[in-house]
Amino acid sequence: MTGPGPSARPAPLPPRLHALRRTLVMGVVNVTPDSFSDGGRWFTPGAAVAHGLELVEQGADLLDVGGESTRPGARRVAVDDELARVLPVIEQLVAHGATVSIDTTRAVVAQAAVERGASIINDVSGGLADDDMYGVVARTGAVYVAMHWRGHADVMDDLDDYDDVVTDVRRELAARVAALRAAGVRDEQVVLDPGLGFAKAGSSNWPLLARLPELVADGFPVLVGASRKRFLGHLLAGPEGEPAPPLARDRATAAVSALAAAAGAWCVRVHEVAGSADAVRVAAAWQGAHGSVTDDDELAVDEDARTGGSTR
Ligand code: PMM
């Protein structure tokens, strides 16, 4: 599979984001009563919008709004409920100048979200959950995150069967790219995501991170979503082997953000933004000193934008 190139950035995003010479930070705004790490905390539209704006203040470049939990074992939400949860939040965040992503596997939700101003369709099913999704992506021209996926949350834990997880995930993502192209979606719209924790047991996630450069080398921008996931809970387990709870996984998440950024990730998706906002800047400075980023001014410009308090 050959995408637009190793330093590719998806075309339809605001120029301000294209100008940044570092990995972007996507802050998670779950408008759900039951997400595994923050379920119920921002369930009213007002609370969700306030939380999103707070994440922007903390350094989020993008906000990912979701109305259906993908927590392992979760049941599906009715489409009307999903729409009612996300649309008012998207409208208000866009009105405040935020760049918004809709986290959905449903074409009708994606379409309605883009009509309300969302710039990115973040589909954890990579289009496999809804036959109409690629048509919406092609018609709207939105950025599309195709995540590696093998089945809905109620069955995904039984689908962790790989010969070589990195090779298999890359092959299955390449099949998604082929289907997207066949549907008329332009390569410049596409972002790929290895889908950490989705049909992946703890031990399957680490090779995907360690060998991230292989996915980056396929030429599409890569998004990494490690935030508060179970494999980090197991890594940080207590003396009796009990996993660290989700809220105790943020420092490890920031460490993954630094390493993923250094490995060439386009974006990291996180619940706690401040730590990862620092982490991606450390990675950019680190790489800059190696010559990957040649113009120190780019970092200074980025820092100005951050401290200027703009909410975009
Ligand atoms: N993980 C979750 C939800 N959406 N989207 C992408 N692209 N990648 C991910 O890894 C991902 C995602 C997990 O659910 P959460 O919102 O409760 O963290």
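May I ask for the distance between the Cα centers of region 134-176 and region 83-132, given as a whole number of Å?
What the calculation gives is 18 Å, centre to centre.
So for the chain, averaging the separation of alpha carbon pairs under 8 Å that are six or more residues apart and normalising by length, what relative contact order in percent results?
Values: 626 pairs, mean separation 68.6, N = 312.
Taking the mean separation of contacting Cα pairs over the length of the chain, I get 22 percent.
Over the chain, average the accessible area per residue using a 1.4 Å probe and give it in Å², no decimals.
Values: 12600 Å² over 312 residues.
That works out to 40 Å² for each residue.
List the equivalent ellipsoid semi-axes of the chain in whole Å, largest first, each obtained as the square root of 5λ for an eigenvalue λ of the Cα gyration tensor. Present the calculation step by step, with values, prior to reporting the outcome.
Values: eigenvalues 119, 107, 96 Å².
Equivalent ellipsoid of the chain: 24, 23, 22 Å, largest first.
Quick one: length gained pulling HIS96 to VAL155 fully straight, 0.36 nm per residue minus the C-alpha distance? Display every interim value, and only then the final one.
Numbers: separation 59, 0.36 × 59 = 21.24 nm, distance 3.80 nm.
Stretched fully, the HIS96-VAL155 segment lengthens by 17.4 nm.
Cα atoms only: what Rg and Dmax, in Å, come out for region 83-229?
In order Rg, Dmax, the Cα atoms of region 83-229 give 15.2, 47 Å.
Taking region 173-256, how much of its Cα-Cα pair set, in percent, is spaced more than 22 angstrom apart?
36
Region 1-158: D in µm²/s via Stokes-Einstein (Kirkwood Rh, Cα pairs, 37 °C, 0.692 mPa s)? Walk me through the numbers before you get to the answer.
Values: Rh = 16.0 Å.
Once the numbers are plugged in, D ends up at 206 µm²/s.
Tell me, what HN-Hα J-couplings in whole Hz come from the Karplus equation 6.51 cos²θ - 1.76 cosθ + 1.60 at θ = phi - 60° for each residue of region 66-71, using x for Gly and Pro?
Karplus-based 3J(HN,Hα) across region 66-71 equals x, x, 9, 5, 10, 4 Hz.
Would you mind computing, in nm to one decimal, how far apart the modelled labels at ASP278 and ARG251 are, each placed 7 Å from Cα along Cα→Cβ?
1.1
What's the carbon and sulfur percent of the chain's accessible surface, probe 1.4 angstrom, rounded to a whole number?
54
Report, as a whole number in µm² per second, the diffusion coefficient that Stokes-Einstein gives for region 48-104 at 10 °C and 1.306 mPa s using the Kirkwood radius over alpha carbon pairs.
On the way: Rh = 12.0 Å.
Translational D for this selection: 133 µm²/s.
The values are calculated or read from the model by the stated rules, or taken from the named source; none is laboratory data. What you see is a predicted model, and the numbers here were worked out from it, not measured in a lab. Counting neighbours? That spans all protein chains shown, and the Cβs are built from the backbone with ideal geometry, glycine included. When the accessible area is computed, the model is the full protein with side chains, heavy atoms only, and any ligands, DNA or RNA have been set aside. Shrake-Rupley method; radii C 1.70, N 1.55, O 1.52, S 1.80 Å.
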